[in-house]
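Reading through the structure tokens given below for one structure.
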Amino acid sequence: MKHDERFIRLETRNEEGTERAGEVIAEICRRPVCIALEGDLGAGKTRFARGLARGLGIPETEIASPTFVVHVEHFGTRGTLSHLDAYRLEGTEELEAIGFDELLADRGRVVAIEWASKITEALPEDRIDVRIDHRGEHLRGLTVADHRNDEDARRRLEAALEARCEGRSFTVDADRHCPACGGRVEIERSRPFCSPRCRLADLEKWFGGGYAISRPIELDDELMD
Ligand code: ADP
Ligand code: MG
């Protein structure tokens, strides 16, 4: 992971929950944005892509697994979805053939890739990784790691997922190690607030201009603290 190692963990109890996570991401993220999907067969990658479609105003029924076609493009009322499946790709030449780099640069486009780890070297660093883990018949764990180089955008996405999908944000503390296994310790990230709800309230205040500076900053201000 890049930047500070931070991620959001969600749990979904049915496919609607997984679709909602996709919908929120499509609604909130500035485009172009690349979403790398990982998870075993049947984990819910295509369901998640349906959620992305919903967020872009594309009929969900259009979205099927693109395994045999590599790339399918959907045009919605709020944006375009490029839905790719890298499972059968042998190298990155086929990506060139579909104009992968142009898709990634297209404003207004969400590029979602199932089995993205097959083409890791072709993925932009500035992407969002979504891993879906099968935990039961209908239970899935989603891990969203936002690598976009934009702190505000990452905070907005965290807050939206926590609020609308009952997620929790964590950060991996590189300096703290588990005394039992030596692994790095994950810390829930509401701090300094008491809860995700208060963190969201604070964020809304920022967006609402509640913290705006009411007059120009003067030299004396720096001496005040
Ligand atoms: P993938 O694309 O990862 O192979 P799909 O999205 O095509 O997986 O299929 C996921 C299957 O799991 C669907 O049949 C869906 O109805 C079912 N399912 C059950 N619970 C969930 C859940 N919480 N999230 C996503 N899919 C779920
Ligand atoms: Mg699929």
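Points to keep in mind about this one:
- Condition check for residue 141: part of a loop (DSSP other than H, G, I, E, B) and either within 20 Å of residue 43 (Cα to Cα) or open to solvent by 30 Å² or more (accessible area, probe 1.4 Å) (or both): no
- Candidates 126, 133 - the one that is touching a residue at least 12 places away in the same chain (Cβ under 8 Å), surrounded by fewer than 19 Cβ atoms within 10 Å (Cβ to Cβ), in a strand (DSSP E or B) and of a type outside the set (S, T, N, Q): 133
- Filtering region 59-117 to residues that are part of a helix (DSSP H, G or I) and open to solvent by 50 Å² or more (accessible area, probe 1.4 Å) leaves 60, 61, 62, 93, 94, 96, 97, 101, 102, 105, 117.
- Odd one out for residue 53, checked against (1) of a type outside the set (Phe, Trp, Tyr); (2) within 15 Å of ligand 1 (Cβ to nearest atom); (3) closer than 21 Å to residue 119 by Cβ: (3)
The values are calculated or read from the model by the stated rules, or taken from the named source; none is laboratory data. Predicted model, so just to flag it, every value in this text is computed and none were measured. A quick note on method: Cβ atoms are made from the backbone with ideal geometry, for glycine too, and the neighbour counts reach across all protein chains shown. The area values use the complete protein model at the heavy-atom level, side chains included, leaving out ligands, DNA and RNA. Shrake-Rupley method; radii C 1.70, N 1.55, O 1.52, S 1.80 Å.
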